[in-house]
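The values are calculated or read from the model by the stated rules, or taken from the named source; none is laboratory data. What you see is a predicted model, and the numbers here were worked out from it, not measured in a lab. Positions of Cβ are backbone-derived with ideal geometry, glycine not excepted, and every protein chain shown enters the neighbour counts. Only protein heavy atoms, including side chains, enter the accessible area calculation; ligands, DNA and RNA are left aside. Shrake-Rupley method; radii C 1.70, N 1.55, O 1.52, S 1.80 Å.
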Amino acid sequence: RSSSRFTRPSFSAAASMASSVPQLLLRQARHAGHLTSPSALCSASAARSLRPLEALAVARPLALPWLQASLLASPNGLAPSKGPLGASWGPGGGGGVRHRRGGIFRAYVRPPERQALRAVRDEARLKRHGISRYNKRWRSWAQNRVRQYQLPLPVTLTSDTSLMDATYITSCVQKAAALRKHDVGLWRGYSQRILELKNEFLPEQLGYVLWGYGKSSFLDGSFYRDIMPTVKKQLPDFQSHALMSLLWTMKRVKWQDKDVVKLSAQHTLQSMDSLRPPDFVKIANCLASLGLKDSSLRASLSRVAISKLDQCTAQQFRDAVNPVAIGFLWTDEVVVYLLERFRRIFITARPIHLMKAYECAVVTRVQRPEAWRSLSREAKQFYVRLSQRHISASNKEPTPMHWDVSRHLADLGEAHRNAFRWGPFEIDIGLEELEEDERRRCLMVDTPSAFFYGTDQYFPPRLLQHQLLTNLGWDVRRVRWDDWAKLEAGSDEKRPYLQKLLEGSKPVGADLQDRPPKSPADVQKSLQNFRAMLRMTEEQEKAAKSATKIDLFEI
């Protein structure tokens, strides 16, 4: 039998294998020189004809002197690793149960069984090594959340929504999001039924519904506008998971609601003791990304953050190092704590976490010089080495608007480079020509994804990116989608627009200012014009390519 702590053969274990153990002990004793007398040889030959227990009683005293000598000769009280064939039960032995490693007597294992056992042992060793050395799991946070908080109710996703109650449709939304069902018709049916039952949902059920919509990234402005009053009403009863799901969904769909953000921050402070540490990390990052402006709430969150982050494991803590939270939310004390601790747990980080830590170091160095000077010498050296190493990251794919701007820049004779990474930052278009003060210019293409959903107000991470690039010496110019939509496709208005945009020079460290907000109807109308302009531009490109196409059969 296999045992991880079995160092010497017990009588019960030997009795269960009594048909072969006496011969094994006799062979070991004979090899060790303890069966040399005639009486011993006669006893050994007689033992083969006895019943198992009788033979064991004869063989065990004969082999006992050799076992005692082996145990006395071993420095750790175990049988020596090198000895007679099949004589060791200690580590590295050939035939017995292995100390602290498990194993069985090899004489009783068939070759296929031995191969299977070896595979199981190697797999366990690999798993143990991977967890202890790298502490990695091969699933995203969202998938871990699915596995940990899935609803057990069996449901059919395509059931008639008019027959669903609040409990059933909650399970349908959670399951559809977990299985990545991106059927627009399915989610529209769910949205209509959820709005009909919005007053019947429990706070925890609302949390699962919001998580499902955030996971699927389903964008329907009317749904979020109609469900938010119910969310505000039940927000004081939200528990850890529901509160995290609300803010995470708002961040995913870039939904702007300052009242909900402020109420969520207040509820976070009131229910701090009941929040799970990983949920608190997500809540803090989302509050920063959604633009929490109240300085008193930010200071209160910073006072309780360190005690809560201390409860996080290494895997949970690596998400706390977020550049937007460091730039807009935390105080210097929390920033120093985050950067110092990440240096000690960086072995658990994936490339995306390393890139965020790199950006956090840049944010701290540029915006918080006092916090940077408070770091230890080892922490500063760690982030300097991190900036010099290669961190794998996927490049941002240019959008159709990006290519349109790039083509018109080429028509103007401006040499430029598209979609490249500069340090931890992604730059859309970088111009090759230097300015008079030896600064470089770059164009950032602001598509609708750079703004809050359905508005013309910048998403806070864009504001942070602009501020950092200008402080680091870049002359940043921005091409907004609503300005680009006013220019007709194929017209000559775009080139003068770009020439005017590139004139002069911007001051170093200039902040990005939002324009006065437009009404949702005006924004929606501009968005329709923008999409129509992109379709027309695409059709003109296809026509131009077909006109210059060479037919080989006509040559």
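Mind putting a number on the dipole of the stretch 410-547 about its Cα centre? Charges go on the C-beta only, +1 for Lys and Arg and -1 for Asp and Glu, and I need it in Debye to the nearest 20. Walk me through the intermediate numbers first.
Numbers: 21 positive and 25 negative charges, 93 e Å.
Magnitude of the dipole: close to 440 debye.
When the residues ARG125, ARG343 are ordered by accessible surface, computed with a 1.4 Å probe over the protein chains alone, the sequence from largest down reads ARG125, ARG343. The Cβ shell under 12 Å around ARG365 holds other residues with a net charge of +1, Lys and Arg each +1, Asp and Glu each -1.
In terms of its alpha-carbon gyration tensor, the stretch 442-545 comes out oblate; a/c meets the 1.5 threshold, while b/c is at least as large as a/b.
In this structure LEU186 has an accessible area near 30 Å², from a 1.4 Å probe over the protein heavy atoms.
Provide the packing ranking of 336-342, 429-435, i.e. peptides ordered by the mean count of other C-beta atoms within 10 Å per residue, highest first.
Per-residue mean Cβ counts within 10 Å order the peptides as 336-342, 429-435.
Beta-bridge orientation, the stretch 398-506: approximately 60 percent antiparallel, per DSSP, counting only bridges with both partners inside.
With the full set of protein chains in place, find how many percent of the accessible area of the stretch 289-390 is carbon and sulfur; take the probe as 1.4 Å.
Details: 2290 of 4590 Å².
C and S atoms contribute 50 percent here.
Placing ARG121, ARG193 in order of accessible area, with the largest value first and a 1.4 Å probe, yields ARG121, ARG193. Legend: residue pairs LYS396/LYS518; LYS258/LYS500; LYS232/LYS282, Cα-Cα distance threshold 27 Å; pairs beyond threshold, LYS396/LYS518; LYS258/LYS500. In the context of the full protein assembly, ASP183 retains an accessible surface of approximately 90 Å², using a probe radius of 1.4 Å and ignoring ligands and nucleic acids.
What does the accessible area per residue of the stretch 287-412 come to in Å², with a 1.4 Å probe and no ligands, DNA or RNA counted? Could you put the intermediate results ahead of the total?
Details: 5790 Å² over 126 residues.
Using a 1.4 Å probe on heavy atoms only, each residue of the stretch 287-412 averages 46 Å².
Report the one residue of GLN256, THR230, SER271 whose Cα lies farthest in the direction of the positive end of the charge dipole of the stretch 230-275 (charges on C-beta: Lys and Arg +1, Asp and Glu -1; origin at the Cα centre). Highest projection toward the positive end goes to GLN256.
For the stretch 290-351, what relative contact order do you get, as a whole percent, if you take Cα pairs closer than 8 Å and at least 6 residues apart? Please list the in-between numbers first.
On the way: 31 pairs, mean separation 26.7, N = 62.
For the stretch 290-351, the relative contact order is 43 percent.
Quick check: with the 1.4 Å probe, what order do LYS251, LYS506, LYS542 take by accessible area, largest first?
LYS542, LYS506, LYS251
Please give the net charge around ALA242, taking every other residue with its beta carbon less than 10 angstrom from that of ALA242, where Lys and Arg add +1 and Asp and Glu add -1. Please list the in-between numbers first.
Values: positive: none; negative: GLU204, ASP237, ASP279.
Summing Lys/Arg as +1 and Asp/Glu as -1 gives -3.
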